[in-house]
Amino acid sequence: MYIFSILSLWKAKLLHAWYSRYPFRPLSWLLLRLLRRFGLAQRKYALLIGIEQYRESLRYCTLPGVPGDLRLYKEILTNGLGFHPYDITILTDHETSPLSKLYPNRVNMMREILNLGSSLRSGDLGFFGYTGHAVQLEDFSPSEFDTTDEAIVPANGSNTKESLIVDNDLNQWLVAPLPVGATLLVSFSVLDL
């Protein structure tokens, strides 16, 4: 009996040391993933995009606060809203190679925005956060009652409509595919608008 209690105490200390080393608790995380997979728990996905330097255009100045904004977004999502770090995708030019899939050029941004919009189901919570430059372009189409298109600027963006991601694109990729019952939170921290 005494040996059993020593072994169980030793096991408990070992598990405690292992759990304290891995704060996300792998076993509970696996259980949560399984529950989410079968629709028994709310799924949460986030896409954060931050662009500090626009290397291909001299029109846009450097934004030194972008890495701090992304850290703040991530902290709020994980600690405040209960997002798991593995469910947060971050596209940034800060310490990221332009050849990486996580570099915020137009193609990568479009792919990840489409992924976020199409992965949300009823009952899910999504978050889209953008920190960078934005512009307004003239547009006299009937869809724009204010005669301007608002657009976010990818890292490789110039001032042409084809190189930007306009508000109509965001509506088509993020808002239109949302099923009934899904929630999407959006935050823009832009310098130019």
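The values are calculated or read from the model by the stated rules, or taken from the named source; none is laboratory data. These numbers were taken from a predicted model, which means no experiment stands behind them. Backbone-built Cβ (ideal geometry, glycine too); neighbour counts: all protein chains shown. Just so you know, the surface numbers come from the protein's heavy atoms only, side chains and all, with ligands and any DNA or RNA stripped out. Shrake-Rupley method; radii C 1.70, N 1.55, O 1.52, S 1.80 Å.
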Could you work out how far apart the two model spin labels at Ala176 and Ser122 are, taking each label as a point 7 Å from the Cα in the direction of the beta carbon, and quote it in nm?
-> 2.2
Normalised contact order of segment 112-189, rounded percent, pairs of Cα under 8 Å and 6 or more residues apart | 47
Inter-label distance, nm, simple model (7 Å from Cα along the C-beta direction), Lys161/Lys101 = 3.2
With DNA, RNA and ligands ignored, accessible area of Val175 (1.4 Å probe; Å², nearest 10) = 80
Looking only at segment 151-193, which residues have a backbone nitrogen under 14 Å from a spot 7 Å from the Cα of Ile76 in the C-beta direction?
-> 185-190
Alpha carbon centre of segment 64-85 versus segment 159-190: separation in Å?
-> 20
Ordering Ser118, Ser187 by how much accessible area each has at a 1.4 Å probe, largest first, what is the list?
-> Ser118, Ser187
What is the antiparallel percent of DSSP beta bridges lying wholly in segment 93-191, to the nearest 5?
-> 45
Point-to-point label distance, Val190-Thr147, nm (Cα→Cβ direction, 7 Å offset) = 1.9
Counting other Cβ atoms within 10 Å, which chymotrypsin sites (Phe, Trp or Tyr not before Pro) in segment 80-167 have at most 12 and lie in a DSSP loop?
-> Phe140, Phe145
5 angstrom amide H check on Phe127, placed H, neighbours 5+ away = Tyr45, Ala46, Leu47, Leu185
Over the heavy atoms of Lys101, what accessible area does a 1.4 Å probe trace out, to the nearest 10 Å²?
-> 150
Residues other than Gly50 with Cβ under 9 Å of its Cβ, Lys/Arg counted +1 and Asp/Glu -1, net out at -3
